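K.L.:
Below is a structure I'd like to ask you about.
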Amino acid sequence: MSAAAGTTKKTIVTALPGDGIGPEVMAATMKILAAANAPIEWEMAEAGAEVFKKGIGTGVTREALDSIARNGLALKSPLETPVGFGGKSANVTLRKYFELYANIRPVRELPGVMAPFTGRGIDMVIVRENVEDVYAGIEHMQTPSVAQCLKLMTAPGCERIVRAAFGLAMAEDRNKVTCATKANIMKLTEGMMKRMFEKVGPDFPSIAQEHIIIDNCAHQLVIAPEQFDVIVTSNMNGDIISDLAAGLVGGLGIAPSSNLGDHVAMFEAVHGSAPQIAGKGLANPTALLSAAIMLLRYIGAFTAAEEIEQGLFITLAEGKNLTGDLSPRGHGVGTDAFTDQVIANLGRSSNLASRDYKKFELLAWPELTAHVEPDRRALVGIDVFLESELGADELGKALAAIAEDTPFRLNGVSNRGVQVYPSTGGQTFLVDHFACRFMFKTPIDLNASLATGQPEISYLVQRIGAKFTWMHIEKLQSFDGKDAFERPQGEG
Ligand code: NAD
């Protein structure tokens, strides 16, 4: 008899069976949870390929969105991203719609699963920011041959993911949080994550804290992965290193994850819909089951979670009735036999103890537009991004002449982030996309005067536009006396 049985009130969770092997691993997971009397009641909903085929471009039905919004909890099987029809990825739709900003990817060596690093005692969690960074998807072609993607990182975005990482470390009784960034190169964006980590860290004095450059993090994950406990990082970095880390312990096929936001928590397997084996009863449900175990812990059903986890661990450790992906060739069983084996093992304990989890809740963030006003704000110039076939010297001289009778002076011209005018003597390959930096001869103190700099900017841009095709303009500001922009490589 399960320890979770009895009078426990059931929590309603939206279940999205998804595509390919999704319905099979969902059915297996539900069967195991039912056998353990896990306190969950399922509400079925639709997302993925079939929804796209109905012409719903988001890949998620209105009913599914409403169900998730109502319940605040979802267990999601893989959803196909259609190629050739449909629009966005349904996964991304869900992540963005519900602002699921924290992607939690535990990576733990599982008993009986042979992997390159078996025996090293890997047990870490990667906490990846899930909605900002270059994955915000703000992209523009600047010229027919120059593409641009905006890397947008925000102070609240960094703060909430860093706090999520520390909160998770506390809930899971972990000792260390490592912040992995590329702050040495991207001082404003990645640097913001590092600075926020240093600002928030003192609130968690019992947890060891370190910063590591992301490329060294990748290196260290391979050299000495057991050193890591919790890693917090930005979206793209986290995407890459969480797959790398999963590979250390047996691959994506067994990796679970959660996507947490202020109002909704969605749990899923990391793998895709495995169309090659769909419908054949061969899929391994371990990843989705592990995601369901995370869900149980999230709602505080620790006893059921531990019972199922131990049943899974001992099944894997004993190696009897494992699916093909975890067995020597020709010895694998189907999804049903594996599922029944886990059920038969409920109530037994493995040699690998479950962690002593405590309830983990994200901080509640206020519902308002995040805004911080600096004490002092000044407008010091503009960058004008334009298209030109001219050489750097010719372009620089033409722009300097344009600026002559304006409140600006041309500071320099750069190409792909390297100053090319005035020349520094470097050997930069030029493309037809230049960033032209104009500084106000007298910076505008926006606190002290009513001046906005707007007419001056319009005048200059109009003059530039008469001769060149410009794409966009960036204001150069200073906040509290500090430049709020970076300098191109080579600028003196
Ligand atoms: P995949 O994860 O579906 O398959 C990769 C390999 O792993 C295949 O050989 C597959 O057979 C195997 N595999 C995956 N899960 C397995 C399981 N549970 N048991 C046994 N073997 C398993 O990756 P893919 O082929 O790149 O993607 C297929 C589809 O899934 C695509 O449409 C993709 O967009 C989608 N996808 C969805 C998600 C998601 O919903 N979160 C994630 C990744 C891919």
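The values are calculated or read from the model by the stated rules, or taken from the named source; none is laboratory data. What you are looking at is a predicted structure, and each value in this text was computed from that prediction instead of being measured. When we count neighbours, we look across all protein chains shown, and the Cβ atoms used for this are built from the backbone with ideal geometry, even at glycine. Heads up: the accessible areas ignore ligands, DNA and RNA and are worked out on the full protein's heavy atoms, side chains in. Shrake-Rupley method; radii C 1.70, N 1.55, O 1.52, S 1.80 Å.
K.L.:
Each label point is 7 Å from the Cα along the Cα-to-Cβ direction; what then is the distance between the points at residue 485 and residue 365, in nm?
P.N.:
Those two pseudo-labels are separated by 2.7 nm.
K.L.:
How tilted is helix 302-318 with respect to the longest principal axis of the chain? Cα atoms for both, answer in degrees (0 to 90, nearest 10).
P.N.:
80 degrees
K.L.:
Could you work out what % of the accessible surface of segment 435-492 is carbon and sulfur, using a 1.4 angstrom probe and leaving DNA, RNA and ligands out of the count?
P.N.:
Answer for segment 435-492: carbon and sulfur cover 52 percent of the accessible area.
K.L.:
Measure nothing fancy, just the Cα-based angle from helix 454-465's long axis to the longest principal axis of the chain, in degrees from 0 to 90, nearest 10.
P.N.:
Around 80 degrees separate the two axes.
K.L.:
Counting Lys and Arg as +1 and Asp and Glu as -1, each charge on the Cβ, what is the dipole of the chain about the Cα centre in debye, to the nearest 20?
P.N.:
My answer is approximately 220 debye.
K.L.:
Does anyone have the angle between helix 62-71 and the longest principal axis of the chain? Alpha-carbon axes, 0 to 90°, nearest 10?
P.N.:
In the chain, helix 62-71 runs at an angle near 70 degrees to the longest axis.
K.L.:
Given a Förster radius of 45 Å and the C-beta distance between residue 430 and residue 69 as r, what FRET efficiency does 1/(1 + (r/R0)^6) yield to the nearest 0.05?
P.N.:
So, using R0 = 45 Å, E works out to roughly 0.35.
K.L.:
Using 0.36 nm per residue of separation minus the Cα-Cα distance, give me the extension gain between residue 329 and residue 373 in nm, one decimal.
P.N.:
9.6 nm
K.L.:
On full extension of the chain, what length is gained from residue 184 through residue 353, given 0.36 nm per residue of separation minus the C-alpha to C-alpha distance?
P.N.:
Extra length from residue 184 to residue 353 when fully extended: 56.9 nm.
K.L.:
Note down the nm distance, to one decimal, between modelled labels 7 Å out along Cα→Cβ at residue 148 and at residue 222.
P.N.:
3.5 nm
K.L.:
Can you work out the FRET efficiency for the pair residue 416 and residue 41, with r the C-beta to C-beta distance and R0 = 45 Å, to the nearest 0.05?
P.N.:
0.20
K.L.:
When the dipole is taken about the Cα centre of segment 181-221, and only Lys, Arg (+1) and Asp, Glu (-1) are charged at their Cβ, what size is it in debye, to the nearest 20?
P.N.:
Roughly 160 debye, rounded to the nearest 20.
K.L.:
Among the trypsin sites (Lys or Arg not before Pro) in segment 11-75, which ones are in a DSSP loop with at most 14 other Cβ atoms within 10 Å of the Cβ? Mind listing them?
P.N.:
For trypsin sites (Lys or Arg not before Pro) across segment 11-75 that sit outside H, G, I, E and B with at most 14 neighbouring Cβ atoms in 10 Å, the list reads 54.
K.L.:
Sticking with this structure for a sec: Chymotrypsin sites (Phe, Trp or Tyr not before Pro) within segment 380-481: which are DSSP loop residues with at most 11 other Cβ atoms inside 10 Å?
P.N.:
For chymotrypsin sites (Phe, Trp or Tyr not before Pro) across segment 380-481 that sit outside H, G, I, E and B with at most 11 neighbouring Cβ atoms in 10 Å, the list reads 429.
K.L.:
Okay, moving on. Please list, in chain and number order, the residues 5+ apart from residue 125 or on another chain whose amide H is under 5 Å from its amide H, with Hs placed from the backbone.
P.N.:
Residues meeting the criterion, in which the H sits 1.01 Å from N, are 107, 230, 231.
K.L.:
If the chain between residue 62 and residue 445 were fully stretched, how many nm would it gain, using 0.36 nm times the residue separation less the Cα-Cα distance?
P.N.:
In short, 133.0 nm is gained.
K.L.:
Now, a different point. Would you work out the charge dipole size for segment 361-492 about its Cα centre, treating the Cβ of every Lys and Arg as +1 and the Cβ of every Asp and Glu as -1, and quote it to the nearest 20 debye?
P.N.:
Result for segment 361-492 is approximately 380 debye, rounded to the nearest 20.
K.L.:
While we're on this one: Using only helices, what value at 222 nm comes out for the chain when you add -39,500 (n - 2.57) per DSSP H run of length 4 or more and divide by the total residues, to the nearest 500 deg cm²/dmol?
P.N.:
-9500 deg cm²/dmol
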